[in-house]
1. If you rank F81, F350 by fewest surrounding Cβ atoms within 10 Å, what's the result?
2. Output needed for the chain: three equivalent-ellipsoid semi-axes, defined as square roots of 5 times the C-alpha gyration tensor eigenvalues, in descending order, whole Å.
3. When DSSP beta bridges are limited to those with both residues in the chain, what percentage is antiparallel, rounded to the nearest 5?
4. When N is the residue count of the stretch 70-189, what does its C-alpha Rg come to as a fraction of 2.2 N^0.38 Å?
5. Whole angstrom only: what separates the Cα centroid of the stretch 221-245 from the Cα centroid of the stretch 432-461?
6. Show which lysines lie in cross-link reach of K486 when reach means a straight Cα distance below 17 angstrom and same-chain residues fewer than eight apart are skipped.
7. Please work out, to two decimal places, the log10 of the ratio I(q)/I(0) at q = 0.09, 0.18 Å⁻¹ from a Debye calculation in which every Cα of the stretch 140-253 carries one identical scatterer.
8. So what is the 222 nm mean residue ellipticity for the chain from helices alone, if each DSSP H run of at least 4 adds -39500 (n - 2.57) and you divide by all residues, rounding to the nearest 500 deg cm²/dmol?
Amino acid sequence: MHAFSTIAAELSSLTNNKGYLKMRRYLTLSLLLAAVAFISPPTHSSERDTKTTPKTYQAEQVRADLTQLYENLQQGSYDLFVHTSQAEYEQAYQTLMQQIQGPMTQLEAHKLFMQFAALAKIAHTRIDFPVDAYRAFMQGNGKTLPMDFSVTPSRITISNYYDSDSKSPIKVGDEVIAVDGQPVQDWLAAIQTYIAADNTEIMASLTEGQLVPLLWLHEGERDSYQLRLRSATTGEVYEYTQATLAQDQQVAALDGATATSPSEEKIRDFAIMRGSIGYLKPGPFYNVYATSHAEIWDTEEFHAFIDDAFATFVAHNVKQILIDVRNNPGGSNSFSDHMLAWFADRPFKFAADFRIKASELSRASNQRRLTGDDSNNETSRQLAELFAAHEQGDIVSFPVEESVPHGADKSVGDTPVYVLIDRYSYSNAVSVAAITQDYGFATVIGEKTADLATTYAAMESFTLDHTGVEVGYPKAHIIRPNGDLKADGVTPDVSLDFMAATELSSQAKLERVLDYLQQE
């Protein structure tokens, strides 16, 4: 596991309405990146800063880093070629080596390496988006498209709009048909080459949160985009030249925009709703208030919050409990198991098998944790023993310990529990849904997850020698509790069609879920 302490610090800005949009773009991006891994992006200056000359690397340095990237991914990854054949990867490697003919800037090299890692089509085989460079770009009055998008494998629509120009015909819900004369799917395909994703559903959900930043990464700052759209209200097709705007201009339009209200974005929350439904939004399964690397995995705050929530539900004798893990980036089961133990009726494991590939890369990555702020991490100590006892390339089942129910004094008893998921439930949030479904602890409702219950995960990292780019890879194959080897998301026990409706806000969907529960 890796820290992302900057995210925790930035989350507090969501309580500031005027700062909300300004932070929204890279907050959303950071959370989506964290959804599949905890790996902090390297810090580099923005190439937009005209006061400094962007750092450059000679062609031989970039080639050396590309070679290191390819060799290390093969050595450390559980199975680099599970989705992309070795022949395909080798061809891409040789092609890129021939293309590197002159000096490249830090950002140019970062982009190239992002695309090469993404060829694996494994969400955890990846190089993070250069968040710091994008933040610097925005803070320097960089202009971006003033909108957010809803992206599915088949269509893209406008989900939020931040342009106060009264002449603009664009409305939330309008479908994007073409951009700059290209069919939207063709246009999107070029942008998605930077994203590591196992399937089209994960690709769509990750694209949604990163689309505007990825546009900047792919082609830099632009003055405008030519859009062809279909009206959500009339069905008519129209074209509009959308100017890009600086963040301050978009913030100024926020009051009149249909953006999601910051009040809907509480990190953690619980309440008694409709008089008899205990509602719990646990938030990310890590310490969102951490100010240092060491505090990221401190469970004290989360455990106290969970205990307070369930004790309140018991005291009010609620008839049903709804646990909302929509739009949840995940985290660690050291957090979520404590929540599950309130309503589990027998011991449980987060995985049927946790198969790890031993490698010197993973040993070294784990050792850095042991010598750093995570020196008290019991899992890291167990991993160190595993790596010491096995040879390079060995596949070993890591012991998955059972978690047990808290006991009668910390239990909701027979109160029915429902876990609400959607396609934005990631990582450990998917694991929570899989555990409750596979053990029968709760009824899973909502929308199928894009992220996978059986997945290649347990990320480690290494750093490229010359450019300093950090690379993440999955050392393990984690099998969901019921033993299903198929790479698939969690399909809810009860599918709620309205969860996919882009025109409904998060709160509106919650109200409909509560309506459903009251009919049960």
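1. By the 10 Å Cβ count, ascending, the order reads F81, F350.
2. Result for the chain: semi-axes of 35, 32, 20 Å.
3. Given both bridge residues lie in the chain, the antiparallel proportion sits at roughly 75 percent.
4. Dividing the Cα Rg of the stretch 70-189 by 2.2 N^0.38 Å gives 1.37.
5. Using only Cα atoms to place each centre, the spacing works out to 37 Å.
6. K121, K448
7. With no solvent term, the Cα-only Debye profile gives -0.22, -0.93.
8. Computed ellipticity for the chain at 222 nm equals -11500 deg cm²/dmol.
Each reported figure results from applying straightforward, stated rules to the coordinates on display, with no laboratory input. Remember, it's a predicted structure, so these values are computed and weren't measured experimentally. Using ideal geometry, Cβ is built from the backbone for each residue, glycine included, and neighbour counts are taken over all protein chains shown.
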